[in-house]
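Worksheet: one structure, shown below.
The values are calculated or read from the model by the stated rules, or taken from the named source; none is laboratory data. Just so we're clear, the structure is a prediction, and the values are computed from it rather than from any experiment. Note: ideal-geometry Cβ built from the backbone for every residue, glycine included; neighbour counts use all protein chains shown.
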Amino acid sequence: MLKIMDVHKSFGPTEVLKGVSINVEKGDVITILGPSGSGKTTLLRCINFLEQADRGTMEFDGERLQLNAVKKKDKIRLRKKTAFVFQNYNLFRNKTALENVMEGLIIGRKMPKAEAISIGTQALDKVGLQARYNAYPHELSGGQQQRVGIARAIATQPEVILFDEPTSALDPEWIGEVLSVMRTLAQEGMTMLIVTHEMTFARQVASRVLLMDEGVIVEENTPELFFGAPQKERTRQFLKTLQNR
């Protein structure tokens with residue numbers, strides 16, 4: 001479904017991605033772990049064309065692209081097949097929850113307003129915000145704001161959702177409600193790439209777990225083997241560090 005091959009990205013003299021490759025099958029839930037600065041977010045942003053890779057190839061739905069030479073019209077077209085859930089919600093502060101979900105449908109996809117309202121309300125219902133259609137972001141908890149962000153993502157009916165540490169900006173009491181929504185999406189077969197620090201979620205929900213460090217994938221395996229019998233010393237060190245916190 002989606003294949004990323006040999007992706008490189010530098011910011012000035014700093015090489016952030018050093019030849020990353022991932023193969024994503026339909027229905028995969030791939031969690032990407034790693035210390036800060038390992039390139040996890042940059043990888044997601046390159047996949048979604050929020051950053052342009054310096055080198056690398058993408059295959060998506062049978063189409064092959066050189067990531068350093070994708071035209072603007074192709075970026076827009078391919079971006080419509082994916083959705084991005086940001087760490088800090090990225091909601092419009094002057095728009096209600098429903099308006100935030102509708103915005104991309106009306107502006108980006110030229111959808112009639114009545115249809116956007118129908119899809120937007122269904123998406124908010126799905127994430128448990130039936131009573132909050134008309135609430136503004138400042139009237140919502142962090143967990144509710146992130147659920148609006150997820151509703152905005154699923155409203156576009158993407159083939160892949162990219163999650164960039166969706167719980168890292170949340171108070172602990174709100175993390176569970178966001179992870180619960182993501183578990184439901186996984187159970188329904190949504191294809192997801194998730195940068196996260198939530199180890200229990202990764203162990204229980206992921207189909208594959210990746211560890212990134214210093215711009216490369218150190219290890220990739222099933223959750224059972226990744227957490228139960230890691231193959232690489234760097235993975236063992238990473239997991240031990242987490243256990244000691």
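Within the option set 147, 152, being crowded, with 18+ Cβ neighbours inside 10 Å, in contact with a strand residue (DSSP E or B) (Cβ under 9 Å, 6 or more places away or on another chain) and closer than 25 Å to residue 44 by Cβ holds for one residue only, 152. Looking at the stretch 4-19, can you tell me whether even one residue there is of a type outside the set (Asp, Glu), modelled with pLDDT of 95 or more, closer than 26 Å to residue 199 by Cβ and surrounded by fewer than 13 Cβ atoms within 10 Å (Cβ to Cβ)? No: zero hits. Inspect all residues belonging to the stretch 178-186 and state whether any of them is in a strand (DSSP E or B) and either of a type in the set (A, V, I, L, M, F, W, C) or under 21 Å from residue 117 (Cα atoms) (or both). Checked against the condition, which is being in a strand (DSSP E or B) and either of a type in the set (A, V, I, L, M, F, W, C) or under 21 Å from residue 117 (Cα atoms) (or both), the stretch 178-186 yields no hits at all.
Among residues of the stretch 187-204 being aliphatic (A, V, I, L, M) and in a helix (DSSP H, G or I), the one that is farthest from the chain's Cα centre (by Cα) is 199. Those helices (runs of 4 or more DSSP H) of the stretch 1-120 in which at least 2 residues are within 26 Å of residue 141 (Cβ to Cβ), touching a helix residue (DSSP H, G or I) at 6+ places or on another chain (Cβ under 9 Å) and not basic (Lys, Arg), considering only elements entirely within it, cover 97-103. Residue 167 fulfils the conditions (1) assigned to a helix (DSSP H, G or I); (2) of a type in the set (S, T, N, Q); (3) surrounded by 14 or more Cβ atoms within 10 Å (Cβ to Cβ) except for a single criterion, (1). Specify the residue that is surrounded by the fewest Cβ atoms within 10 Å (Cβ to Cβ); the eligible residues are those in the stretch 180-222 that are among the polar types (S, T, N, Q) and closer than 21 Å to residue 23 by Cβ. Filtering first and then ranking leaves 222. Examine the stretch 109-129 for a residue that is closer than 30 Å to residue 8 by Cβ, surrounded by 15 or more Cβ atoms within 10 Å (Cβ to Cβ) and touching a residue at least 24 places away in the same chain (Cβ under 8 Å), and state whether such a residue exists. Within the stretch 109-129, none of the residues are closer than 30 Å to residue 8 by Cβ, surrounded by 15 or more Cβ atoms within 10 Å (Cβ to Cβ) and touching a residue at least 24 places away in the same chain (Cβ under 8 Å). When residue 53 is tested against (1) touching a His at 6+ places or on another chain (Cβ under 8 Å); (2) touching a residue at least 60 places away in the same chain (Cβ under 8 Å); (3) of a type in the set (A, V, I, L, M), just one condition goes unmet, and that condition is (2). For residue 93, the conditions (1) surrounded by fewer than 16 Cβ atoms within 10 Å (Cβ to Cβ); (2) touching a residue at least 60 places away in the same chain (Cβ under 8 Å); (3) more than 22 Å from residue 190 (Cα to Cα) are fulfilled apart from (2).
With the condition kept exactly as written, say whether any residue in the stretch 81-103 is basic (Lys, Arg), at pLDDT 95 or above and touching a strand residue (DSSP E or B) at 6+ places or on another chain (Cβ under 7 Å). So far as the stretch 81-103 goes, no, none of its residues is basic (Lys, Arg), at pLDDT 95 or above and touching a strand residue (DSSP E or B) at 6+ places or on another chain (Cβ under 7 Å).
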